[in-house]
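Notes for the one structure printed next.
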Amino acid sequence: MRQVRPKKNLGQHFLTDLSIARRIADTVDAYPDIPVLEVGPGMGVMTQYLVEKPRELRVVEIDRESVAYLNENFPRLQGQIIGADFLRMDLSEVFEGREFVLTGNYPYDISSQIFFKMLDNRHLIPCCTGMIQREVALRIASEPCTKAYGILSVMIQTWYDVEYLFTVDETVFNPPPKVKSAVIRMTRNSRTELGCDESLFKRVVKSAFGQRRKMLRVSLKQLFSNSQPPSADFFASDIMTRRPEQLTISEFISLTNMVENELRICEKQ
């Protein structure tokens with residue numbers, strides 16, 4: 001079968017360097033005893049190394065042409081190739097509710113959505129590895145008080161330890177992307193409980209970074225209604241004079257509890 005044509009609407013950039021493909025495939029060895037799900041295998045440049053590992057492997061691919069190519073060229077994956085949109089899948093059904101490692105050469109334009117889905121299914125995914133746009137990788141791995149620290153940094157590092165493994169040059173893809181890529185690994189940390197309301201935590205983080213140049217006393221006002229504004233003392237606390245990139249994850253948790261308490265007071269008024 002002829003090679004698959006990269007499709008711009010799917011954000012396909014096929015990796016051509018086999019040594020890099022093997023290095024990425026080997027990142028899943030951090031968890032060697034559980035199955036692997038590869039997202040967007042394309043023509044199987046990583047799959048050829050994953051399939052050699054002594055573990056269960058399934059791949060999910062939305063591109064029908066790639067699915068046909070994989071079925072023809074990877075007979076060992078018979079019945080393990082899922083032709084579907086990863087973002088719409090019920091991940092509890094992939095390995096019958098068992099944990100698995102998530103990996104792939106992720107499309108740039110949906111990598112953040114993939115990782116938010118990972119967070120929603122963190123009880124199933126103790127480890128996630130793969131290649132993404134370098135800028136996004138730097139944001140995910142960044143620490144407080146840095147320019148790249150933002151929503152992705154906080155949301156992912158709340159539940160995962162992040163390793164920036166290596167940078168990949170744009171010249172090893174077909175077609176070459178306009179930016180560099182990077183390979184990262186995210187491993188579940190020891191946190192089992194957030195210590196605050198999780199949905200409110202997400203709202204607080206997103207509201208804070210929605211106006212990242214503003215002090216928190218400005219950016220968090222949108223969490224309250226005009227008819228039930230918070231007390232003056234609430235916005236007078238020291239933390240409200242800081243900007244979101246200055247807060248650690250623990251401080252965001254504390255801030256969320258402060259907001260929740262104030263919301264309850266407002267409701268009683």
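The values are calculated or read from the model by the stated rules, or taken from the named source; none is laboratory data. Please read all numbers here as calculations on a predicted model, not as lab measurements. Counting neighbours? That spans all protein chains shown, and the Cβs are built from the backbone with ideal geometry, glycine included. Quick note on the areas: whole protein, heavy atoms, side chains included, nothing else; ligands and nucleic acids left out. Shrake-Rupley method; radii C 1.70, N 1.55, O 1.52, S 1.80 Å.
For the chain, a Gaussian network of Cα nodes joined below 10 Å ranks 194, 124, 216 by mean-square fluctuation, and the top entry is 194.
Applying 1/(1 + (r/R0)^6) with R0 = 51 Å to the Cβ-Cβ distance of residue 93 and residue 218 gives a FRET efficiency near 0.70. With R₀ set to 22 Å, the beta-carbon distance separating residue 238 from residue 143 gives a calculated FRET efficiency near 0.55. In a simple Cβ point-charge model (Lys, Arg +1; Asp, Glu -1; nothing else charged), the chain has a dipole of about 880 debye relative to its Cα centre. Exposed loop sites, defined as GluC sites (Glu not before Pro) outside DSSP H, G, I, E and B with at most 13 other Cβ atoms within 10 Å, are absent from the longest region of the chain, namely 97-192. Do any chymotrypsin sites (Phe, Trp or Tyr not before Pro) in the range 18-126 lie in a DSSP loop with no more than 11 other beta carbon atoms within 10 Å, and if so, which? Counting only loop positions with at most 11 other Cβ atoms within 10 Å, none of the chymotrypsin sites (Phe, Trp or Tyr not before Pro) in the range 18-126 qualifies. Residue 22 contributes about 120 Å² of solvent-accessible surface, heavy atoms of the protein only, 1.4 Å probe. Rounded to the nearest 20 debye, the dipole size of the range 1-149 about its Cα centre is 420 debye, using +1 on the Cβ of Lys and Arg and -1 on the Cβ of Asp and Glu. Lysine pairs, Cα distance under 29 Å, 8 or more residues apart or cross-chain: how many in the range 1-157? Taking the range 1-157 as the scope, the lysine pair count is 4.
In a simple Cβ point-charge model (Lys, Arg +1; Asp, Glu -1; nothing else charged), the range 65-173 has a dipole of about 200 debye relative to its Cα centre. Among the protein heavy atoms, those of residue 199 account for about 80 Å² of accessible surface (1.4 Å probe, every chain in place). Straight-distance candidates among the aspartates and glutamates for linking to residue 178, with alpha-carbon spacing under 14 Å and chain neighbours fewer than 8 residues away dropped: 109, 135, 169, 170. Inter-part distance, the range 218-269 to the range 152-216, computed on C-alpha centroids, equals 23 Å.
Length gained on full extension, residue 29 to residue 257, computed as 0.36 nm times the residue gap minus the Cα-Cα distance: 78.3 nm.
Between residue 246 and residue 120, the FRET efficiency estimated from the beta carbon spacing at R0 = 22 angstrom works out to 0.20. Taking trypsin sites (Lys or Arg not before Pro) across the range 32-115, the ones in a DSSP loop with at most 14 further Cβ atoms lying within 10 angstrom of their Cβ are 98. Within the same chain, aspartates and glutamates fewer than 8 places from residue 268 are excluded, and of the rest, those with a Cα less than 14 Å from its Cα are 260.
Between the Cα long axis of helix 111-120 and the first principal axis of the chain there is an angle of about 70°, rounded to the nearest 10.
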